[in-house]
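Engineer: There's a structure below that I have some questions on.
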Amino acid sequence: MESSAYISLKDVVFSRSGRRIFDGITLDIPKGKITAIMGPSGTGKTTLLRVIGGQLKPDSGQVSVAGHEVPKLKRKELYRLREKMGMLFQSGALFTDISVFENVAFPLRVHTSLPEDMIRDIVLMKLEAVGLRGARDLMPSELSGGMTRRVALARSIALDPELIMYDEPFTGQDPIAMGVLVKLIRDLNSSMGLTSVLVSHDVPESLSICHYACIIADGKVIGTGTPDELRNHPSELVQQFLSGQPDGPVPFHYPASNPVDDFGIKGASI
Amino acid sequence: MDYVAGFGRRSLEVVGSLGRATQFLFGVLVGVPKPATGFPLLIKQLYSVGVLSLAIVVVSGLFIGMVLALQGYTILSDYGSEAAIGQMIALTLVRELGPVVTALLFAGRAGSALTAEIGLMKATEQLSSMEMMGVDPLRRVIAPRLWAGFIAMPILAMIFSVVGIWGGMLVGVDWLGVFEGSFWGNMQSSVDFVDDVLNGVIKSVVFGFVCAWIAVYQGYDCVPTSAGISSATTKTVVYSSLAVLGLDFVLTAVMFGDF
């Protein structure tokens, strides 16, 4: 990766409820590019975003964002760093008791002392960027799933962050909504010069927009590189994931006792 | 052996939960929001936990005052002391029933709503998104709700007592015919501001603080699923009720226990 790293993870180990989620992950995420983090369900992709955002502390290892060692930051410093980050949650996470306009205006009202007319202009510009200027007066309960994520996206770019993290942005979206989100992620990255981290298991969509991709499985990075490099990756596990094969290094069957014991077929062996 | 292990595990869970709740409370009390942003949030929550609880508090206070008058009259008239009914109603309400019943109603109406609201905000990642926007949810969401409960409870308890006394007068004076001068006169001479009214207010302040703390903590600490929120809401009502009744005994013993 030729660009300088905006986010750097080194030997990150993280466990939860006695289960080791990351077993020494090392990863560099370049500045100004879209990096997709992919992997089978339950491998800790969202957890990785939370570790980067400082919501979870690793057991050991280094997590650096924009030169700051995130786990070592004091609360105030961490919150200041987060003002440079935007995060699009899987559910959108809009505040349900306020309108679309107020949701987008929320970070501006909290972190700036801009006059009301300027806040209004910025909010409408951000909503225009996601194509929802006309939905400013709607309540979150009146939005479709795709619209919810677009409003959440407008909110997460309200403060013009340096970094934006997308948590499964394509999950549960119809083809049109997915196409809109793919376009928005690509356009926002190029127009705002954002560093984007995209966590997803939607392989075609993610590879179509990312500059770099990384695949996580069994708590480790099993493959990293440009989309083309990954497509030609020698690892069977990477190929199974990218092509969606039902059986392979990740077995179809969950580990179980001998079928003969369960089905009681005497004299048979499987 | 399993029983002992289970008991030990449960004890550790309880101690851990108490530790988290105390740490949580410290975080909320230390992180006081700026007045310019905190005050509008506090007003909104005062409306939601205080004003919206008025109806249930007023109606309950009225009926409890009326029942006290009926029961009191029945017993006191046997001894020809029905004139003391005002004194009995006022002392019962101001010292005990006002703070205690209001706290129980508060836990059921406002406390459960606070837990469910915060729990749902957690389940829908609203609290996480706030954190990621650089906004501390303890300051923005929890602190205004805790302070609102703390402020609203004593006011609601006072309203409860006032309405209860009025309900007692309706039944005692207007219906059962107790002399109005005796009703108010006995009340005035026997109810002491510091010993009775102030102690009642102190009780309601303590109950308000405990109920609001339990409610916001249960919401914040709940498992973010529908079953988790349901369980947290139930815990809020049960723990608050038990805490109020237990603390009432302790406070009563301290305040009025100079036997």
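The values are calculated or read from the model by the stated rules, or taken from the named source; none is laboratory data. None of the values given here were measured: they were computed from a predicted structure. Glycine also receives a Cβ, built like all others from the backbone with ideal geometry; neighbour counts cover every protein chain displayed.
Engineer: Here are A:L94, A:L49, A:L132, A:L114: which of them is touching a residue at least 12 places away in the same chain (Cβ under 8 Å), more than 11 Å from chain B (Cβ to nearest Cβ) and not charged (D, E, K, R)?
Structural biologist: A:L132
Engineer: Give me the residue from the stretch A:97-111 that is surrounded by fewer than 19 Cβ atoms within 10 Å (Cβ to Cβ) and more than 8 Å from every other protein chain (Cβ to nearest Cβ) and, out of that set, nearest to B:T37 (Cα to Cα).
Structural biologist: Filtering the stretch A:97-111 for residues that are surrounded by fewer than 19 Cβ atoms within 10 Å (Cβ to Cβ) and more than 8 Å from every other protein chain (Cβ to nearest Cβ), the one nearest to B:T37 (Cα to Cα) comes out as A:R109.
Engineer: Could you pull out the residue among B:V206, B:V135, B:V194, B:V141 that is in a loop (DSSP other than H, G, I, E, B) and on the phi < 0 side of the Ramachandran plot?
Structural biologist: B:V135
Engineer: Then there is this: Does B:V197 satisfy being modelled with pLDDT of 90 or more and either within 12 Å of the chain's Cα centre (by Cα) or more than 30 Å from B:S226 (Cα to Cα) (or both)?
Structural biologist: Yes: the conditions hold for B:V197.
Engineer: Now a separate question. Identify, by number, the condition in (1) on the phi > 0 side of the Ramachandran plot; (2) in contact with a Phe, Trp or Tyr (Cβ under 7 Å, 6 or more places away or on another chain); (3) of a type outside the set (A, V, I, L, M, F, W, C) that B:G80 doesn't meet.
Structural biologist: (2)
Engineer: Looking only at residues in the stretch A:66-91 that are basic (K, R) and either farther than 27 Å from A:S200 by Cα or surrounded by fewer than 18 Cβ atoms within 10 Å (Cβ to Cβ) (or both), which one is farthest from the other protein chains (Cβ to nearest Cβ)?
Structural biologist: So the residue we want is A:K72.
Engineer: Looking at B:L127, B:L105, B:L91, which is the one that is within 14 Å of another protein chain (Cβ to nearest Cβ), part of a helix (DSSP H, G or I) and either among the β-branched types (V, I, T) or out of contact with any His (no Cβ under 9 Å at 6 or more places or on another chain) (or both)?
Structural biologist: B:L127
Engineer: Let me ask something else about it. Quick check on my filter: what residues within the stretch A:112-159 are hydroxyl-bearing (S, T, Y) and surrounded by 14 or more Cβ atoms within 10 Å (Cβ to Cβ)?
Structural biologist: Scanning the stretch A:112-159 gives A:T112, A:T148, A:S156.
Engineer: Out of curiosity, is B:A36 within 26 Å of B:P137 (Cα to Cα) and either touching a helix residue (DSSP H, G or I) at 6+ places or on another chain (Cβ under 9 Å) or within 14 Å of chain A (Cβ to nearest Cβ) (or both)?
Structural biologist: So B:A36 passes the test.
Engineer: Scanning for something over 30 Å from A:L88 (Cβ atoms), of a type in the set (D, E, K, R) and out of contact with any Asp or Glu (no Cβ under 6 Å at 6 or more places or on another chain), does the stretch B:178-189 turn up at least one residue?
Structural biologist: yes
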